[in-house]
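For reference, the structure is listed below as structure tokens.
The values are calculated or read from the model by the stated rules, or taken from the named source; none is laboratory data. Bear in mind the structure is a predicted one, so any value in this text is a computation, not a measurement. All Cβ positions, glycine included, derive from the backbone under ideal geometry; neighbour counts span all protein chains shown.
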């Protein structure tokens with residue numbers, strides 16, 4: 001028969017997998033909408049070769065219609081994704097407890113709280129579409145002024161939107177598509193973690209010894225400060241009402257908007273609830289993060305060696321900066337050694 005620890009961990013993994021699939025689906029839907037805009041604009045430009053400047057207003061109005069349609073459809077997708085993210089974030093706390101027979105009930109957010117989360121979707125989508133609209137308008141005007149050809153404009157628009165490779169699971173994007181990915185992952189992760197934090201506070205009223213630990217994503221893209229936070233709280237979870245010390249910020253949860261932008265934008269970390277009956281849970285990421293920190297220590301040592309081989313007054317600030325990072329990384333490595 002599975003132990004409480006195994007049941008708890010399995011429930012956590014189920015929620016995380018379902019959330020991950022939903023996040024990817026939302027991102028792919030918004031990417032598909034961007035591709036649709038790209039195709040529509042390119043279709044208009046193909047028919048615009050040699051068009052007279054008096055048709056410029058007509059073509060620009062068409063661009064605005066395409067962007068307005070993108071805004072409306074992408075907002076629907078973002079609104080749905082943010083709402084589901086909040087639900088999954090709460091379930092990340094309650095489902096593991098339910099799995100070990102501790103029913104605490106699901107915290108129901110107030111309408112005001114949900115409105116703040118969901119209504120932000122329109123502003124988020126505007127952050128994707130406004131730069132796109134400005135760039136496309138510029139390309140269309142240059143075609144009208146015969147500064148570039150329609151083919152050149154189409155190529156420029158494709159490069160700006162930025163779909164490099166769309167192999168499933170290995171997508172490579174840049175430009176507008178990357179900005180869309182950054183917005184979707186940052187804001188959906190923020191909604192997920194806000195819900196988890198809110199649920200943790202509600203559960204702590206019934207389970208006073210409930211604690212939390214920081215869980216980083218654990219790859220080469222993960223911020224050094226987040227890897228360090230993972231190790232710092234690995235065996236030392238804190239009360240759910242206390243903030244995490246991450247870099248130079250105090251964060252109640254990953255993505256907490258009160259933190260420095262450098263610590264929250266594109267953050268993929270989560271906060272894991274620790275029930276006293278289950279104890280501290282290890283994850284499959286722990287060993288990977290430890291290995292990543294060792295690799296970064298080696299890279300920092302190599303950088304420090306190069307700086308010392310070329311001593312100069314100008315190099316001293318760099319030496320101090322690298323030594324500071326090295327000290328933090330080595331301290332995190334020693335936590336489990």
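Determine whether residue 228 is more than 24 Å from residue 23 (Cα to Cα) and either in a helix (DSSP H, G or I) or without any contact (Cβ under 8 Å) to a residue 12 or more places away in the chain (or both).
Yes: the conditions hold for residue 228.
How about segment 185-221: which of its residues are under 20 Å from residue 298 (Cα atoms) and over 13 Å from the mean Cα position of the chain (by Cα)?
Once the filter is applied, which keeps residues that are under 20 Å from residue 298 (Cα atoms) and over 13 Å from the mean Cα position of the chain (by Cα), segment 185-221 yields 218, 219, 220.
For segment 223-244, name all the residues that are closer than 17 Å to residue 286 by Cβ and surrounded by fewer than 14 Cβ atoms within 10 Å (Cβ to Cβ).
235, 236, listed by residue number.
Of all residues being part of a loop (DSSP other than H, G, I, E, B) and at negative phi in segment 160-175, which is surrounded by the most Cβ atoms within 10 Å (Cβ to Cβ)? Just the residue, please.
For segment 160-175, the residue satisfying everything is 171.
Based on what the data block shows, is residue 189 touching a helix residue (DSSP H, G or I) at 6+ places or on another chain (Cβ under 6 Å), in contact (Cβ under 8 Å) with a residue 60 or more places away in the chain and either farther than 26 Å from residue 83 by Cβ or assigned to a helix (DSSP H, G or I) (or both)?
no
Against the conditions (1) in contact (Cβ under 8 Å) with a residue 24 or more places away in the chain; (2) surrounded by 19 or more Cβ atoms within 10 Å (Cβ to Cβ); (3) not assigned by TED's automatic domain parsing to the domain that holds residue 19, where does residue 203 fall short? Just the number, please.
(3)
Any residue at all in segment 47-64 that is within 18 Å of residue 125 (Cβ to Cβ), surrounded by fewer than 18 Cβ atoms within 10 Å (Cβ to Cβ), in contact (Cβ under 8 Å) with a residue 60 or more places away in the chain and assigned by TED's automatic domain parsing to the domain that holds residue 162?
yes
Is it the case that some residue within segment 6-17 is in the same structural domain as residue 161 (by TED's automatic domain parsing), part of a helix (DSSP H, G or I), exposed (fewer than 15 other Cβ atoms within 10 Å of the Cβ) and within 18 Å of the chain's Cα centre (by Cα)?
Taking every residue of segment 6-17 in turn, at least one turns out to be in the same structural domain as residue 161 (by TED's automatic domain parsing), part of a helix (DSSP H, G or I), exposed (fewer than 15 other Cβ atoms within 10 Å of the Cβ) and within 18 Å of the chain's Cα centre (by Cα).
Could you please let me know if residue 275 is free of Cβ contacts under 8 Å to residues at least 60 places away in the same chain and in contact with a helix residue (DSSP H, G or I) (Cβ under 8 Å, 6 or more places away or on another chain)?
Answer is no for this residue.
Restricting attention to segment 89-104, report how many residues are crowded, with 17+ Cβ neighbours inside 10 Å, in a loop (DSSP other than H, G, I, E, B) and in contact with a helix residue (DSSP H, G or I) (Cβ under 8 Å, 6 or more places away or on another chain).
Residues that pass the stated criteria total 2.
Conditions first: (1) at pLDDT 80 or above; (2) closer than 25 Å to residue 226 by Cβ. Residue 305 passes all but one, so which condition is the exception?
Exception for residue 305: condition (2).
One line per residue, one yes/no per condition, for (1) surrounded by fewer than 19 Cβ atoms within 10 Å (Cβ to Cβ); (2) modelled with pLDDT of 90 or more:
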{"residue": "145", "(1), (2)": "yes, no"}
{"residue": "158", "(1), (2)": "yes, yes"}
{"residue": "177", "(1), (2)": "no, yes"}
{"residue": "180", "(1), (2)": "no, yes"}
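Return the only residue of 171, 224 being in the same structural domain as residue 121 (by TED's automatic domain parsing) and either within 18 Å of the chain's Cα centre (by Cα) or at pLDDT 90 or above (or both).
171
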